[in-house]
Amino acid sequence: MNPIENIQAYVPTSIHFSDLLQFAILLLGGIACLVFDAVSTKEVSRKYLPMIAAGALVMTMASCFFNILPPPTETFIEGAFRSDEFGQLGALVILFAFLMMTTIMPSLVKKRNLPAAEVYSLTLFAAFGAVLLAIANELLTAFIVLEIMSLSLYVLIGIDRKNAKSTEACFKYFILGAFASAFLVLGIAFLFGATHTTFLTEMAEVFKAGGVVVTEAVVENGVTIEPAVVQALNPMYVFLGFGLLFVGMCFKLTAAPFHMYAPDVYEGGNTPTVMVVATSSKVAAFAFLLHVLEAMSHWPVFTQPVIFVVGFVAIVSMVWGNVAALVQVNFKRMMAYSSIAHTGYMLVGAMVYIALPNMLEGEKLEMAMIAVRQAILLYLAGYTVTSVLSFGTASYIDGEDHMDAYRGLIFRKPAAAIGMAIAMFSLVGIGFTPPTIGFMGKFYLFKEAIQYGFVALAVIAVLASAVSAWYYLSLVVKMFMREVDDTQAVRLAGTRKESVKLFSFDSMTRIILFASSILIFILGVFPTMFISLGESLVYGFTR
Amino acid sequence: MGESIFEANLILSLFLFTVGILGVMWKRNAISLFMSVELMLNAANLAFVTFAFQHGIIDGGILVLFIMTVAAAEAGVGLAIFIALFRVRRHLRVDEHDMLHG
Amino acid sequence: MQLPFSLQPLFDFLGQFTDGPANALIIVIALIKIALIVGGLLQIIPFIILFERKIISWVQDRPGPNRAGPWGLLHGILDGVKLFFKEEITPKGVDKPLYLLAPGLTVAPAFLALCLVPVGPIIQGAHLDALVSFLRLDPSIIGPGGIISEIPLAITNPNIGILYVLAVTSIGVYGITLAGWSSNNKWSLLGGIRASAQMVSYEITLSLSIIGVVLLAGSLNLYNIIDSQAGGFWHWNVMAQPVAFLLFIIAMFAETNRLPFDLAEAEPELTGGFHTEYSSMRFALFFLGEYINMVIVSAMCVTLFLGGYHGLFPLPWEAIATWITNISPSFAGFYPWVIMASYLIGPMVIVPAKVGFFIFLFIFARATLPRLRYDQLMDLGWKRLLPIGLINLVITSGIIAIDLMVTGNGQVELATKWIIGAITLGLFLAWDLLYYSPRRKAQLEKDYRLYPKSAKKGEKPALAS
Amino acid sequence: MALVIYYVLFGITVLFALGVLFNRNTVRSAICLVGVMAALAVNYLIMRQEFVAFIQIVVYTGAIMVLFLFVIMLLNLREPEVMPWYLRKARFWGGALSLVFFFTLALAVQVWTVSGVTPGAIENEAFIKESGTPEVILLSTLMITKYVAPFILTSILLLVAVIGAIVMAKRYDEDGQEIISEEEVS
């Protein structure tokens, strides 16, 4: 059949928008924020909009516990989406950080006199983009939802327009983000040129067959004529396409050679947004990168060079992130470099993921891939919870970002200091802090790496995280052991004294902070609980 | 004639992309910087259309339409950010925006 | 009836240079059409200017230009001559390349858009056959079965004509903007900024009002759009899209920078706006571009909403021609002339009349309406016209979708068109009369206090201090 | 003949692109970018993508670049770009690296590209000619069937862009601190 007749005879099969109903709540919430603001006064909207936003987020999170999305074997909305662990469990992780953001935002909105409706609606839209990016199965859809998320975050980073630092951070984030998306688009174009499609499932078929298959299998006189490869894959296009796409994604993930903007953006942006940039957008982008790698890893030629490239980026990220973090004096800059290092650890997992199809086959391969995905997701979840705790505490103690401002925090704000210490211990992970999620995440990830033969890489990762102990723990030492040094020019953190009302967003922030510090231990002791939750959500029972 | 222009178009696309990268590296004015990014997006569009024409896949045209929409959205937000930046700093010289480091 | 000699050898000769006689013929036909349409328009423009001055003087109750020639007919031409021989001044400090490029960028898109205007029907089928045999050309090259199977009475007829027009008119803004920038004059710069913002804003309204028409016709081709309006004025798109028609007219004024919206050159504020620093022929090019643009947007409005070259009532030309030949044997030779008249009445009478109406509208608006303030302009464009256009589009497409689902023949019925027109116009009027106008009036009264509340009934209203 | 036109176009595109890079005047550089976009539109016409070509002109030159010009003029960025790039080592090495990148890839494309139209393309072209289906109809059919998800998500993207642009660019008058405004325009 002629391709054009194909188009004319195209019968839409699976456009059920109800499949995305749980995520549409976010969209509706965002629009509701705008409409509510249009019909009410400034004070009223400042009071009720965070409730709408948090309500939408909580509803979506609650719906993530039910098995709503189609199983991973099916694509939906014309093949544009496919859900796996990242669909529901990943969405839960993503939305957790956004929920934290909406609870911190009200005080910031009040203090800096920000436009409330725009803040909350853009937050919800960013959440919408992030959760869809985690399940995107088509490169263009992924690009568009990535842009929805990124544009919202660019604006949220710089929403405090009177603050020159924040605007400058927004500008840098925007320029480099746009630069990265140009790379991404050219990468998609070359992959499209090689495989004639932008749908990842179809792309996987092309890679399995080693070329574009056009003719369908026909049975003629009892003899089956196999589908023929009409055009062999052009390795040049595939590598160029993947390379550009990977560069673009590295920008979004803040992996090492492409991380330049991260410290500036983290320092200049407002803390709640930076928290989301560090966690949710990373989870979503990682999910997308894994889906692309999964589709492409079926091509044997592809494996070796890409392992090399991804491994290189992982090593550089780990080493550079940890080394540069050693000399930082600003808390948020330190967290930026730490986040670069954590991206490096996670890329080790991605590397294992690519290597798998060449090692195993059939049922075993599937199980192994699921295991690696779960390990990465566990790590991401741990990183998200920990970052939420540390950034949340940092915004809650509300002081300078300078590290010296944390001196003797334990004597002024004991709860905050303990929370921050827990977060720091969890971030260190390997070697010091067994019962935390940071430890378990790294343990699972490096176990996979060693199991499939990447021992050297695992050793480098462990060494790098041992280096990281220095700067994380020095902050803890500052908080716990040093007396307050009055000669310090730095304004001390935690001097704000306000009465906290029960049922206010401020108290909700505290509750979430408390919950995440508990979660760090719960997940650290029972990581299998998280994994089995994901299994039962995704594979547990059929729809 | 159709047979011989693909390579030329792909090379043109890569060339425009490289010029875009160079622009982002060399230019000092924020708006020129962003124009270079637009040039890179145009290069991607050219690659899409070339592939669509070479292989007879109509999809390429649609992908280009979407990318144009995204570029327009990005331009809108970006220029708004530039205006905001100009309001607080009174200039758009990129290498003098160095409040954030160290 | 045939020419005494064949034109074929001429094209055979030209064909040696252009890959065959068919190409030569295409080029020659295009050149003839360009000469007629572009040349004709260029001749008319001085008279449009004269017409404008006369109308304005009529509105202002004064004689107007009446010195050169009878009724001042030579004024436009003499103005052109004067501009041509004036000294060209290039001020110091201008950005020379852009300064020289700007007038060209205003005029060139205007002429490019002129290529699209369908002034008459497509010659095809038996009529083309007759024409070919009259000219004694080779029917295998031109004719119903030949390489050239139809001759549209427009310079060109691409499949996506509307898009072409939109694309080309959107380039036109560069002329004004660059003129403003390169002049190195702050008034000119302000004019340029205003023009760019204004044109981008109103292009949205323009496109929104066009989309409804495109939906009704199911095609982007201008001839298909006109064909969908064939059969009398009750088929015209203005019946189906009255609100879009209004929007189009408003956007048309804004796109051509004509008076209620001529903020780019507002002479009391900006001394001349973007063309302050231009003189002589460069200035004349801006002037020319403005008038060609007026003609083009009018012609587009005619094409989209007023049935193009179709008259008010459909005339059965074939039947008339047969009837005339049947009156008396001596009238038999009139048949081809009547058919030719059916083709020429469009370009000669109907299109000029309709376009002339809009030109009159332009001029009359200039003579009567005050200029908008910049914020009013933006308010009108973004807060009024854009929502109205969107709602109009939603209603239109919804009803068309229902119609297509019910009938399933891929065409919009006449009754549906009227229903769309009635609903959209009704809603618009209801919104305006019941909601908008009273509030607007109250607001104005509050703002300007024209009629203070203390004034008693019957007392003469006085302006409050 | 058509090939000659194509290579002339190629040259024009390259020249305009270099103009974008090397012009010190922002507005001239923007006009060069408009030139690149228009030349690409003609290129698309040569590749028989009429609809995409005209949309390219409407969207890129008609909207995006006008917006760029508007902002350049609003902020009155007249100062020339002082660009001693050859003096700055980092920039120089960046440039050299990108050029190496380009030449390697161009060479690779030259070597690896499968020349010529695939059978599918020829079949398609013949079909389009025979049936006379305008390309627009095919594109629109695809857009509301196969690519319905990106189509819908694009509308959300535009909503986000509108909100973002407004919130970043609007004046603040809450605290009476008017920094700079569009007063200059009105």
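Going by a ≥ b ≥ c, the root eigenvalues of the Cα gyration tensor, does region B:1-84 fall in the rounded group (a/c under 1.5), the prolate group (a/b larger than b/c) or the oblate group?
It comes out oblate by the Cα gyration axes.
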Worksheet item: Looking only at other chains, what is the average number of their beta-carbon atoms within 10 angstrom of each beta-carbon in C:152-163?
Response: 2
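Give the calculated FRET efficiency between residue A:415 and residue A:260 to the nearest 0.05, with a Förster radius of 51 Å applied to their Cβ-Cβ distance.
0.90
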Response to the item:
Mean projected area (nm²) from the convex hull of Cα positions in chain A is 26.0
Response to the item:
Among the Cα-Cα pairs of region A:44-137, the proportion with separation greater than 24 Å, in percent, is 29
Discussion item. Show log10 I(q)/I(0) for region C:1-157 at q = 0.14, 0.15, 0.20 Å⁻¹, two decimals, from a solvent-free Debye sum over equal Cα scatterers.
Written reply: -0.90, -0.95, -1.23
Response to the item:
With label points set 7 Å from each Cα along the Cα-to-Cβ direction at residue C:313 and residue C:12, the distance between them in nm comes to 5.0
Worksheet item: So, in Å, what gap is there between the alpha-carbon centers of region C:39-66 and region B:16-84?
Response: 47
Worksheet item: So, in Å, what gap is there between the alpha-carbon centers of region A:263-290 and region C:120-152?
Response: 67
Worksheet entry | chain C - Rg (one decimal) and Dmax (whole number), Cα, Å | 25.6, 89
Worksheet, complete the sentence: D (µm²/s, integer) via Stokes-Einstein for region C:292-427, Kirkwood Rh across alpha-carbon pairs, 4 °C, 1.567 mPa s: value 68
Worksheet item: Relative contact order of chain A: what whole-number percent is it, with Cα pairs under 8 angstrom and at least 6 residues apart?
Response: 15
Worksheet, complete the sentence: Under the rule rounded for a/c under 1.5, else prolate if a/b exceeds b/c, else oblate, using alpha carbon gyration tensor axes a ≥ b ≥ c, region A:413-461 is classed as prolate
Worksheet item: Using mean Cβ contacts within 10 Å as the protection proxy, how do B:61-68, A:22-29 order, highest first?
Response: B:61-68, A:22-29
Worksheet item: Which percent of Cα-Cα pairs in the protein assembly as shown sits in each 10 Å bin, short to long?
Response: 2, 8, 16, 20, 20, 15, 10, 6, 3, 1, 0, 0, 0
Worksheet item: Mind checking the angle between helix C:75-85 and chain C's longest principal axis? C-alpha axes, 0 to 90 degrees, to the nearest 10.
Response: 90
Worksheet entry | Value of relative contact order over region A:101-169, rounded to a whole percent, pairs C-alpha under 8 Å and six or more apart | 28
Discussion item. Counting just the Cα atoms, what span does region C:219-285 cover along each of its three principal axes? Round to the nearest Å and put the largest first.
Written reply: 50, 25, 19
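Can you give the average number of partner chain beta-carbon atoms within 10 Å of each beta-carbon in peptide A:259-268, as a whole number?
On the way: counts 0, 0, 1, 0, 3, 5, 1, 1, 4, 2.
Across the residues of A:259-268, the mean count of other-chain Cβ atoms within 10 Å is 2.
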Worksheet item: By how many degrees, between 0 and 90 and to the nearest 10, does the Cα long axis of helix A:42-63 differ from the longest principal axis of chain A?
Response: 50
Worksheet item: When a footprinting reagent is the concern and you count Cβ atoms within 10 Å, what order do C:267, D:50 take, fewest first?
Response: C:267, D:50
Worksheet item: Between residue C:402 and residue C:344, what is the spin-label point distance in nm, taking each point 7 Å from the Cα along the Cα→C-beta axis?
Response: 4.8
Fill in: Segments D:63-72, C:389-398, D:141-150 sorted - mean Cβ within 10 Å per residue, highest first
D:63-72, D:141-150, C:389-398
Practice prompt. Give me the compactness ratio for region C:131-190, meaning the Cα radius of gyration over 2.2 N^0.38 Å.
Written response: 2.10
Worksheet item: What pairs from C:186/C:354; A:110/A:332; A:110/A:172; B:27/D:170 go past 29 Å between their alpha carbons?
Response: C:186/C:354
Discussion item. Restricting to DSSP H runs of at least four residues, report the calculated mean residue ellipticity at 222 nm for chain A, -39500 (n - 2.57) per run over all residues, nearest 500 deg cm²/dmol.
Written reply: -24500 deg cm²/dmol
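With contacts defined as alpha carbon pairs under 8 Å and 6 or more residues apart, what's the relative contact order of chain C in percent?
It rounds to 17 percent for chain C.
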Worksheet entry | Separation of the residue A:361 and residue C:271 label points, Cα + 7 Å toward Cβ, nm | 8.6
Fill in: Residue order, fewest to most surrounding Cβ atoms within 10 angstrom, among B:91, C:75
B:91, C:75
Worksheet, complete the sentence: Footprinting proxy, A:202, B:38, A:366, A:118: sorted fewest to most Cβ within 10 Å, the residues are A:366, A:202, A:118, B:38
Worksheet item: How big is the equivalent ellipsoid of region A:95-193 along its three axes, where each semi-axis is √(5λ) from the Cα gyration tensor, reported in whole Å from largest to smallest?
Response: 28, 17, 8
Worksheet entry | Test item: A:114-122 mean partner chain Cβ contacts at 10 Å | 3
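Per residue and in Å³, how big is the convex hull formed by the alpha-carbon atoms of region A:339-421? Display every interim value, and only then the final one.
On the way: hull volume 7.5 nm³, N = 83.
It is 90 Å³ per residue.
The numbers here are math on the coordinates, done by the rules we state, and not lab data. The structure displayed is predicted, hence computed values, not measured ones. So basically every Cβ, Gly included, is an ideal-geometry build from the backbone, and we count neighbours across all protein chains shown.
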